[in-house]
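Participant: Sharing a structure, written as structure tokens. Questions coming.
Values quoted throughout were computed directly from the atomic coordinates according to the rules given, and no laboratory measurement underlies them. Values in this document were obtained by computation on a predicted structure and should not be read as measured data. FYI the Cβ positions are ideal-geometry reconstructions off the backbone, even for glycines, and counts take in every protein chain you see.
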């Protein structure tokens, strides 16, 4: 059972473990991704997995709770590119599928603040900054 998100402050993120999963870029239709969700790749060896820091989790919290970062609409056919998986007390709390150039988000459970889960330009710059920070931190590790 997915309990959902209850973050309200930076301290709340201490009880969560958030993992970002990046699927490899492909230039053609990959049948392994058809009708899949990011949760299907948690155990996969061929994907990159990153644990978010508390600061990155809090940054993500602000993005998830800011309805000004989302707009109505979708990209058409959803194409999974990665996502975030949330755990609380070692139990699955929820996950977000990212697709369509990271502009469309599918929430499990639903996040009513995001309208249809389509990022607008404001939201896209926020996620780009977060992912840039994750990638920079990982590239600096030995």
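Participant: Go through the stretch 91-112 and report how many residues are more than 17 Å from residue 76 (Cα to Cα), in contact (Cβ under 8 Å) with a residue 24 or more places away in the chain and exposed (fewer than 15 other Cβ atoms within 10 Å of the Cβ).
Facilitator: 2
Participant: Is the stretch 53-73 home to any residue that is under 11 Å from residue 117 (Cα atoms), within 13 Å of the chain's Cα centre (by Cα) and assigned to a helix (DSSP H, G or I)?
Facilitator: yes
Participant: Please enumerate the residues belonging to the stretch 75-90 that are within 22 Å of residue 117 (Cα to Cα) and exposed (fewer than 15 other Cβ atoms within 10 Å of the Cβ).
Facilitator: Here is the first cut: in the stretch 75-90, the residues within 22 Å of residue 117 (Cα to Cα) are 75-87.
Hits for the stretch 75-90 are 75, 76, 77.
Participant: Name the residues in the stretch 74-89 that are in contact with a strand residue (DSSP E or B) (Cβ under 8 Å, 6 or more places away or on another chain) and in a loop (DSSP other than H, G, I, E, B), would you?
Facilitator: To start, the set of residues in the stretch 74-89 that are in contact with a strand residue (DSSP E or B) (Cβ under 8 Å, 6 or more places away or on another chain) comprises 74-75, 78-88.
Once the filter is applied, which keeps residues that are in contact with a strand residue (DSSP E or B) (Cβ under 8 Å, 6 or more places away or on another chain) and in a loop (DSSP other than H, G, I, E, B), the stretch 74-89 yields 74, 75, 78, 79.
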